[in-house]
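Below is one structure, written out as C-alpha cells; the observations come after it.
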Amino acid sequence: MTRALRVLAVDDQPSHLTLLRQVLGPAGYDVLEARSGGEALAVAQESVPDLVLLDMHLPDMHGLEVVRRLRASAWGAGLQVVAMSALASPEDQALWREAGCLDVVEKPIEFAAFLK
C-alpha cells in the first residue's frame with residue numbers, strides 16, 4: 001500500500017487553507033497546514049512533504065526567505081515548492097523561480113486547472 005502524497009499548504013489566511021484542504025483532500029492528498037514561515041519550516045522538517053504550496057506574503061517572513069531556508073537545509077534542499085500569490089508581477093515570478101520554486105500559482109486559484 002502506498003501512502004498519499006503529502007502536501008504542505010502554507011498561508012496566513014485560514015480560509016485559503018480550508019479551501020486547499022477541501023480540494024486536495026478528496027483528490028487523495030494528505031494535506032498539512034502552516035500559517036507562517038516559521039511554522040512552515042518546522043512542519044516541513046518534521047514531515048518532509050512531497051510538495052509545498054507556499055504563499056509568498058506571510059506575516060513573519062517573505063516566502064522567498066522560506067524557500068532560501070529550505071534550500072539551505074539538508075532535509076529541505078530537494079523539496080518541491082510552488083509559490084502562491086495574488087500579487088505576482090513577472091519580476092516577482094522570475095525571482096521565485098530563480099530561488100527554486102517550480103511554478104507560480106496566482107490567487108484566486110482555478111482549482112480545476114490546478115489539480116491537473
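Values as computed for the structure displayed
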{"quantity": "Fully extended contour minus Cα-Cα distance, from Ala4 to Ser47, at 0.36 nm per residue", "calculated": "14.2 nm"}
{"quantity": "Beta bridges by DSSP in the stretch 8-116, antiparallel share as percent, to the nearest 5", "calculated": "5"}
{"quantity": "Cβ charges +1 (Lys, Arg) and -1 (Asp, Glu), total dipole of the chain, debye", "calculated": "320"}
{"quantity": "Mean residue ellipticity (222 nm) of the chain, computed from DSSP H runs ≥ 4 via -39,500 (n - 2.57), nearest 500", "calculated": "-11500 deg cm²/dmol"}
{"quantity": "In nm, spacing of pseudo-spin labels at Lys107 and Leu19 (7 Å Cα→C-beta vector)", "calculated": "0.8"}
{"quantity": "Theoretical FRET efficiency, 1/(1+(r/R0)^6), r = Cβ-Cβ of Ser89 and Asp60, R0 30 Å, to 0.05", "calculated": "0.85"}
{"quantity": "Global geometry of the stretch 8-52, whether rounded, prolate or oblate, following the gyration tensor of its Cα atoms and the 1.5 cut on a/c", "calculated": "oblate"}
{"quantity": "Amide H contacts under 5 Å for Val52, placed H, 5+ residues apart", "calculated": "Leu8, Gln80, Val81, Val82"}
{"quantity": "Per residue value of the accessible surface for the chain (all protein chains in place, 1.4 Å probe), Å²", "calculated": "54"}
{"quantity": "With every protein chain in place, the stretch 11-115: carbon and sulfur % of accessible area (1.4 Å)", "calculated": "54"}
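The values are calculated or read from the model by the stated rules, or taken from the named source; none is laboratory data. All values derive from a computational prediction rather than experimental measurement. All Cβ positions, glycine included, derive from the backbone under ideal geometry; neighbour counts span all protein chains shown. When the accessible area is computed, the model is the full protein with side chains, heavy atoms only, and any ligands, DNA or RNA have been set aside. Shrake-Rupley method; radii C 1.70, N 1.55, O 1.52, S 1.80 Å.
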